[in-house]
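Notes for the one structure printed next.
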Amino acid sequence: MLSSILFWGLIALIGTSKGSYPFTHSMNPHLQPRLYHGCYGDIMDMEASGVACDITRLMNCGIRGSEIFAEMDLRALKTYQTLIKEVGLRHCVDPALIAAIISRESHGGAVLQDGWDHRGLKFGLMQLNKKIHPLFGDWDSKEHLLQAVGILTDKIKAIQKKFPTWSVAQHLKGGLSAYKSEIDAIATPEDIDNDLVNDLLARAKFYRRHSF
């Protein structure tokens, strides 16, 4: 009885010392559905109109258009599913959102040349610009994803600080916008209601429904 009490006391102490998400790094991500939406709001509750409709995209646009593009990349994304979940748990970011960014940025790596875009400027699954960021790890490595998702969370936190009265959804959308356009480009809620954000959220909802 005493040994049992000591064991559970030690577990509680370790959990407290590591913060609100003890054992995040070691637990199987398939066993933690309660953490899937991360720390930045539940994407399933956020409005998103999908990829913008214009003269070049009259058929494959809107939410259905985003879902079509997401489905095209699903097989490639499945290759990285466990890795995406591990990185998502590490940074407390919805894995489905990470999958959506990878889908939009690199189609799961399918369009990259040795990890680079066609201009040789952006690198990795989440396409970091070499002129802005030092690059860590191989293009499809855990190091790359940890760096890129860390940059995303830094952007979200910067938006939270810059616009403290905004909603949780606006903070996330602002972070997604800033991941591509930087913080200074965002001044009003209208700046975060754009094609990038609406497409990413629609794709993320698709990937959530497919076990990310």
For the range 91-116, give me each residue that is among the polar types (S, T, N, Q) and closer than 22 Å to Asp42 by Cα. Ser103
Apart from one, (1) surrounded by fewer than 16 Cβ atoms within 10 Å (Cβ to Cβ); (2) modelled with pLDDT of 95 or more all hold for Thr56; the odd one out is (2)
Looking only at residues that are among the acidic types (Asp, Glu) and closer than 17 Å to Met44 by Cα in the range 166-200, which one is surrounded by the most Cβ atoms within 10 Å (Cβ to Cβ)? Asp199
With criteria (1) of a type in the set (S, T, N, Q); (2) closer than 13 Å to Ile101 by Cα; (3) not in a helix (DSSP H, G or I), Asn198 comes up short on (3)
From the residues in the range 105-146 that are of a type in the set (D, E, K, R) and either part of a loop (DSSP other than H, G, I, E, B) or in contact with a Ser or Thr (Cβ under 9 Å, 6 or more places away or on another chain) (or both), which one is surrounded by the most Cβ atoms within 10 Å (Cβ to Cβ)? Lys122
Of the residues that sit in the range 61-100 and are of a type in the set (Asp, Glu) and outside any helix (DSSP H, G or I), which one is surrounded by the most Cβ atoms within 10 Å (Cβ to Cβ)? Asp94
The range 190-204: number of residues that are of a type outside the set (A, V, I, L, M, F, W, C), touching a helix residue (DSSP H, G or I) at 6+ places or on another chain (Cβ under 6 Å) and farther than 18 Å from Met126 by Cβ: 0
Does the range 152-165 contain at least one residue that is of a type outside the set (Gly, Ala, Ser), surrounded by fewer than 15 Cβ atoms within 10 Å (Cβ to Cβ), modelled with pLDDT under 95 and in a loop (DSSP other than H, G, I, E, B)? no
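The values are calculated or read from the model by the stated rules, or taken from the named source; none is laboratory data. Remember, predicted model here, so these are calculated numbers, not experimental data. For neighbour counting, all protein chains shown are included, and Cβ atoms are generated from backbone atoms with ideal geometry for every residue, glycine included.
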